[in-house]
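Just below is one structure, and these are the notes that go with it.
The values are calculated or read from the model by the stated rules, or taken from the named source; none is laboratory data. Just so it is clear, the structure is predicted and the values come from calculations on it, not from any experiment. Note: ideal-geometry Cβ built from the backbone for every residue, glycine included; neighbour counts use all protein chains shown. Side chains included, ligands, DNA and RNA excluded: accessible areas come from the protein's heavy atoms. Shrake-Rupley method; radii C 1.70, N 1.55, O 1.52, S 1.80 Å.
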Amino acid sequence: MNNFIYHNPTKLVFGKGQIARLPKLIPAGKRIMLTFGGGSVKRNGVYDQVVAALEGRDLVEFWGIEANPSVETLREAIALGKERKVDFLLAVGGGSVIDGTKLIAAGLLYDGDAWDIVLKGQAGKTVPLATVLTMSATGSEMNSGAVISRYETKEKYAFYGDYPVFSILDPETLYSLPKRQVACGLADTFVHVLEQYMTTPHQSRLMDRWAEGLLLTLVDIAPALRTPEPDYDVLADYMLTATLGLNDMICMGVNQDWATHAIGHEITALTGMAHGATLAIVFPALLRVLIDTKEAKLVQMGERVFDVHYGTDRERALETIVRLEAFFASLGLPTRLDEAGVGEDVEREIVRRFEERNWKLGEHKNITPAQIAAILASARPAKA
Ligand code: NZQ
Ligand code: ZN
């Protein structure tokens, strides 16, 4: 096991009706900027709950943070927040609203352009932020990461800001989620766990078992999440699994990969495809190309998560990749670039970008642009 420091300061406030706790959670005297996406919270009643809970408090509203939040929009929020001297931020929405609010939190205390913060990869001082989560996937409600797009140049990069002070997770807020968003959220969560698990074998029995517990839970609940009637307890498991999948809990002392995310962000930046959908295409392809380094962990996951028990190690590893891809397909997501309508020009541009950037990807920091080209080629053909 590698050395590590674990510190996660986010207070989780979980369960139905918990939005009513907001006045106790936000210190008195704060000028609070509420940040929102495109309006889902108006339609599902979450906005009404938030403003009712904060009645009498000093509020500024900012609307319009897009899915895959853009620096162009967030600059406007920062300007408004500076003008109104905001000193607390409450993000009400999914990963995009929360990520965008992390950039606002840093931008309010920064004199230059917000894109500098993204390019540096690390924020300086930040205004405190908290969240009311309405879409489970990213773990942004309990981590310090954020991913911001620049639409003008079709770029999308991650940076580290601050952890939310608290996050309210009420599974009832998920009742209104379209099934497609839930599918993307499940795929995203699954791949978050895999980025931290599908690496070097035998580093930590405990991290392996926690990760496998999350993966098994996702496989268990996925069919129930596709039925028309929302089930509170199933949504509660989904919500908590997504949060625990990316809150630093399952990566203590173990190597991490994240190459699939780096490639997926490029697909989103160039085509606008939803984040989770990109991962369902890239991860199985990455495993096919890197099977030599991933084989031992694939055999373990096959046995413990997908009931693959027979054959040589190579046969079991290959069968595990087939089961993983079938799992993503069972969510209703395309698992090939052709199925998703992504052109070969996008593939070429992604490889060109990685050649230019000279980034070191994968748990061994040795994935070459040629391998990225091979991963994309393997991700292309529609399944027979
Ligand atoms: O904008 P509104 O109207 O709110 O609609 C949203 C949006 O269109 C809608 N939605 C959210 N909650 C809803 C709802 N619709 C009905 N009922 C509800 N309760 O869902 C759409 C997608 O929301 P979004 O926030 O974009 O989804 P998600 O949570 O998947 O966030 C995706 C973003 O997070 C980044 C991704 O790259 C992407 O930009 N990620 C952030 C990470 C992090 N901070 O740690 C890690 C992830 O790997 C990921 O990269
Ligand atoms: Zn993700």
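Data for the structure
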quantity	calculated
Evaluation of G341 against (1) surrounded by fewer than 21 Cβ atoms within 10 Å (Cβ to Cβ); (2) out of contact with any Pro (no Cβ under 9 Å at 6 or more places or on another chain) (one fails), failing number	(2)
Segment 173-226: number of residues that are away from ligand 1 (no atom under 14 Å from the Cβ), over 28 Å from F4 (Cβ atoms) and among the charged types (D, E, K, R)	2
Matching option when the condition is more than 12 Å from the chain's Cα centre (by Cα), closer than 27 Å to E172 by Cα and either within 12 Å of ligand 1 (Cβ to nearest atom) or crowded, with 19+ Cβ neighbours inside 10 Å (or both), among A280, A259	A280
Residue within segment 135-151 that is more than 10 Å from ligand 1 (Cβ to nearest atom), open to solvent by 10 Å² or more (accessible area, probe 1.4 Å) and on the phi < 0 side of the Ramachandran plot present	yes
Lone unmet requirement of (1) more than 8 Å from ligand 1 (Cβ to nearest atom); (2) in contact with a strand residue (DSSP E or B) (Cβ under 8 Å, 6 or more places away or on another chain) for K125	(2)
Tally, over segment 234-250, of residues that are more than 14 Å from V193 (Cα to Cα) and in contact (Cβ under 8 Å) with a residue 24 or more places away in the chain	3
Strands (runs of 3 or more DSSP E) completely within segment 126-205 that count 2 or more residues being away from ligand 2 (no atom under 11 Å from the Cβ), under 30 Å from D87 (Cβ atoms) and aliphatic (A, V, I, L, M)	129-133, 145-150, 166-169
Residue in segment 193-201 that is of a type in the set (D, E) and farther than 26 Å from K11 by Cβ present	no
Test: residue in segment 354-368 that is surrounded by 18 or more Cβ atoms within 10 Å (Cβ to Cβ) and of a type in the set (D, E)	yes
